[in-house]
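Inspection log for the structure reproduced underneath, given as structure tokens.
The values are calculated or read from the model by the stated rules, or taken from the named source; none is laboratory data. Since the model is a prediction, treat every value here as computed from it, not as a measurement. Note that each Cβ is placed from the backbone with ideal geometry, even for glycine, and that neighbours are counted across all protein chains shown. When the accessible area is computed, the model is the full protein with side chains, heavy atoms only, and any ligands, DNA or RNA have been set aside. Shrake-Rupley method; radii C 1.70, N 1.55, O 1.52, S 1.80 Å.
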Amino acid sequence: MNNNTSRMKGALMKAYCDLLQQLWADARSSSGNYVSPDNFKNQIQKFAPRFVGYQQQDSQEFLRYLLQGLHEDVNRVRTKPTPLPPMDDTLPDSQKAMECWKRYLRTDDSKIVDVFVGQLKSELICTHCGHTSTTFDPFWDLSLPIPNDRRSSANINLEDCLTAFTREEVLDGDEMPKCEKCCVHRRCTKKFSVYKFPKILVLHLKRFSGERFRSRLSTLVNYPIANLDLGRFGASGCGHSLYNLYAVSNHTGTPTMGHYTAYVRHAFSGQWQLFDDSRVTPCRNVVTSEAYVLFYELATDKTVQESSRL
Ligand SMILES: [Zn+2]
């Protein structure tokens, strides 16, 4: 684990593994004891000093830092690669996407990347000349807007959030990008689609808005526990996209003061558990208006069979 490019030199990954081992040892003994993640917290705040202290943090932001830190500790790339010349912009999408992914792996290549990182396709079209500029960027999670322009009684589904995320957006006024062909700023349309689906898909529901999280949406977003099919949000030819939920990070309270809990599906029994500070209890309903970050696992043939048995 000694790694030239890692700031933590493996210490964060070690603390995380120790924590997981303690949790599993405790679960096996059914002792009802709890595990205090002190050393893990010490290490994460060494990596990201913003997490020093006990004020409320944002769990999605925390996850980003944690994954980044764990990734650095086990990055297979040990020396900084030499920069490459700009990519040939005329390549067809499939080759361009593959080349972008290869270039990403030259600097960031780890077990964490294998599991969590997907690829997002972004298409920018000039409304004046029709020139299309396509980029392929890695993503660690997707931040989904919650459409709230409807009557509050209306049901919002995860699909509505994904539709809002992938909807064509017009960039006008100050937001106008420079068209590569016209060589001036032009009104453009922009659209996202998922090009490569990750094994673990993290979906972040944007409940907090405004500067420093001034307001919080408490809309209930209905999300499926099994067989979330993201096929229609994927770029053409991007393959397999059926997911099963395995964990939820919940937030209750206000943007400045609140409480986090989590629902987690037991890896072997399939039973859902509520993690609430020192208490872990079985639970049934895991879809609430407190859901903040959703963790989905790409269904393999094996997990499709398992979830249909549950
Ligand atoms: Zn143009």
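A Förster distance of 35 Å, applied to the separation of the beta-carbon atoms of Ala25 and Ser218, puts the FRET efficiency at 0.40. Taking one quarter of the surface of the C-alpha convex hull of the stretch 49-200 gives a mean projected area of 13.2 nm². A compact globular protein would have a Cα radius of gyration near 2.2 N^0.38 Å; the ratio found for the stretch 33-127 is 1.47.
Under a Gaussian network description of the chain, with springs only between Cα atoms under 10 Å, the residue in Gly69, Gly118, Gly130 that fluctuates furthest is Gly130. Here, the chain has an Rg and a Dmax of 21.2, 69 Å when only alpha carbons are counted. When the chain is treated as a Gaussian network with alpha carbon springs shorter than 10 Å, the biggest mean-square fluctuation among Lys14, Lys41, Lys80 belongs to Lys80. Starting from one equal scatterer on each C-alpha and no solvent at all, send me the Debye-based log10 I(q)/I(0) for the stretch 1-75 at q = 0.26 Å⁻¹, two decimals. Normalising to I(0) and taking log10 leaves -1.17.
Over the stretch 201-295, the hull volume per residue, using the convex hull of the C-alpha atoms, is 117 Å³. Partner lysines whose Cα lies under 29 Å from the Cα of Lys206, excluding those fewer than 8 positions away in the same chain, are identified as Lys41, Lys46, Lys111, Lys121, Lys178, Lys190, Lys191, Lys196.
Here the accessible area is traced with a 1.4 Å probe on the protein chains. For the chain, carbon and sulfur cover 52 percent of it. Model label points for Trp101 and Glu175, set 7 angstrom from Cα along the Cα-to-Cβ axis, are 3.0 nm apart. A 1.4 Å probe run over the chain, with the rest of the protein chains in place, finds 57 Å² accessible per residue. Taking the Cα centroid of the stretch 29-69 and of the stretch 160-200, what is the distance between the two, rounded to the nearest whole Å? Taking the Cα centre of each part, the stretch 29-69 and the stretch 160-200 sit 34 Å apart. Only helices enter the 222 nm calculation for the chain: every DSSP H run of n ≥ 4 contributes -39,500 (n - 2.57), and dividing by all residues gives -8500 deg cm²/dmol, rounded to 500.
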